[in-house]
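What follows is a set of notes on a single structure, which appears directly below.
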Amino acid sequence: MAALRVLILGLFSGWAAGYKQGDNVTLYVNKVGPYHNPQETYHYYTLPVCRPEKVHHKSLSLGEVLDGDRMAESLYHIRFRENVERKSLCKLTLSEKQVDELREAIEELYYFEFVLDDIPIWGFVGYIEESGFLPHSHKVGLWTHLDFNIEYNGDSVIFANVSVKDVKPFPLEEGAGAAVGGVGVGGGSLTVTHTYSVRWYESNLPSSRRGERLRDYSFFPKTLEIHWLSIINSLVLVVLLLGFVIIILMRVLKNDFARYNVEEEGGCDDLDQGDNGWKIIHTDVFRFPPFKSLLCAVLGVGAQFLTLATAIIVMALLGMFNVHRHGAINSAAIVLYALTSCVSGYVSCSFYTQINGQRWVWNIILTSSLFSGDVLLGTARVQVRPRRSASFEALYN
């Protein structure tokens, strides 16, 4: 029951909070990473950006940790239903190295993710402009002003996004020391002022349906769209290959059966002295394998994952996952993995008994550690192996 309670809390604790006008709405900074590789993410504060003197991180759920979230408090002050017009966030003095880090991030199309009332907000760190062929122009700009557009209904936040359509990017030239855009530069450094605006808009969508608003908004490429033509093509190919295999097997077995019938009717003393064809392996079909425990463990873990996948699909179809709850599916998968461990144990031990297995203790240990042990060892190897420098040297210092 305790595990079920954890599961329910993990799935349904992401409902919209209620606010009064003027209440503080906390905006958390989360992560940054390449747009075309959402799995490669880093903490937002690894970039040279505005940050508090002491960074306070938000307590994360297990699913959020598995999802790579790194939420921390920011310097943005947002109050419920109170518009803000171009408020200064901070003034940064960037060294030449920090400018190069920002340029590299922008050229790799780095995006950022903020979180407001469990609603993710995405945007790009900067802007790249390519123009002309001869002479070729390559300009890199940093978004130093962000417009936050927030929708509300009653006392709930419905949706939020960030816009830079009316903002001019701040140019980042290679190297620091030369005057850029009229902003103070000197001593090998570059001074940048970050600002932001907040605009609130009333929405007719109730808070219970705000997940629909988020599903309609798309920031990342829709790589998970269903490509029906590809699916149909794959199914047709599988059916054709299966048909060819069945036809070949039927012809082979038909010839074997015809030969066996002739041998049985004719006495078969002067014919083939031994079995041939598929009859050769008839004594090997029910022979016990050399590694009984491993076979049963694989069978049990496979049954567990089949049950786990079925449960997650059914829960998703029933709408039990709140899209605003970060890592809800990951949390559910972890809890369901623990709950379905009895499935793997039962299937493995049952089959192990059928094949006259004797080392049942070793079978239980192998079944329970076949997947989790590999994951633990793989994670440990990734954590301890030397990591080469990626986009920013500061990430690994």
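FRET efficiency for the pair ARG251 and ALA309, taken as 1/(1 + (r/R0)^6) with r the Cβ-Cβ distance and R0 = 30 Å, rounds to 0.20. Once the Cα-Cα distance is subtracted from the 0.36 nm per residue extended length, the SER88 to TYR346 segment shows a gain of 86.7 nm. Seen through its C-alpha gyration tensor, with square-root eigenvalues sorted a ≥ b ≥ c, region 16-216 comes out prolate because a/c lies at 1.5 or above while a/b is bigger than b/c.
Among LYS97/LYS168; LYS91/LYS168; LYS97/LYS139, which pairs are too far apart, with a Cα-Cα distance over 20 Å? Too far apart for the 20 Å limit: LYS97/LYS168.
Where a number appears in this text, it was derived from the coordinates with a stated rule and is not lab data. Only a predicted model underlies this, so the values are computations on that prediction, with no experimental measurement involved. Every residue, glycine among them, receives a Cβ derived from its backbone with ideal geometry; neighbour counts consider all protein chains shown.
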